[in-house]
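See below for the structure under consideration.
Read-outs throughout are calculated quantities, based only on the coordinates presented, and are distinct from any laboratory measurement. Bear in mind the structure is a predicted one, so any value in this text is a computation, not a measurement. Virtual Cβ from ideal backbone geometry, glycine too; neighbours counted across all protein chains shown.
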Amino acid sequence: MAGEPLERFGSAAIWEREVGYCRVVKAGGQVFVGGTAPVDDTGAGVFAPGDAEAQARRCLELVERALARVGVDRTRIARTRMFVTDISRWREYGRAHAAFFGEHRPVTSMVEVKALIDPAMLIEIEADAVV
């Protein structure tokens, strides 16, 4: 892995250039998907405001799309990190996570944060995959 080039893949997210990040980085056999918020199809609005489970499901679908761009499927995800604005709703986030992964469960963390970039966002998810 030492000396192998990093492959960077951006998206249309309005924050990428301003903040200075990219959507996905592939480093040898590892793939890292940055914080994935529950954005709608326009990329400018929030998907399912107020619905914790739907927002978690949307984040995971967007993670899956990002991984597909580099030829990786969800069964290769080894770790997720969930940043949530209300930990008391953990079961709602958890239902979406469990349904998405089925028998291919990654290690995970769920951490309550004060806020996300848009007040209507309840969750943001990061994922790491191994290929």
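A few points about this structure:
- With contributions of -39500 (n - 2.57) from each DSSP H run of at least four residues, the per-residue ellipticity at 222 nm computed over the chain stands at -8000 deg cm²/dmol.
- Each peptide in 89-97, 123-131 gets a packing score, the mean of other Cβ atoms within 10 Å over its residues, and the list from highest to lowest is 123-131, 89-97.
- Interchain or long-range residues, amide H under 5 Å from residue 112's placed H: 84
- A cut-off of 5 Å between modelled amide H atoms, ignoring neighbours fewer than 5 places along the same chain, links residue 131 with 30, 31.
- Within-12-Å neighbourhood charge of residue 116 [Cβ basis; K, R +1; D, E -1]: -3
- For the pair residue 12 and residue 114, the difference between a 0.36 nm per residue extended length and the Cα-Cα distance amounts to 34.1 nm.
- Calculated log₁₀ intensity ratio I(q)/I(0) where the Debye formula runs over C-alpha points of the chain, q = 0.09, 0.20 Å⁻¹: -0.24, -1.18
- Zone of residue 101's modelled label, taken as backbone nitrogen in region 107-131 under 14 Å from a point 7 Å along Cα→Cβ: 107-111, 125-130
- Calculated from backbone phi, Karplus (6.51, -1.76, 1.60) coupling profile of region 116-121 in Hz, x at Gly/Pro: 10, 4, 10, x, 7, 7
- Label-point separation in nm, residue 87 to residue 130, each point 7 Å along Cα→Cβ: 2.8 nm
- Around the amide H of residue 39, modelled in the peptide plane, lie the amide H atoms of 47, all under 5 Å away and 5 or more residues distant in sequence or on another chain.
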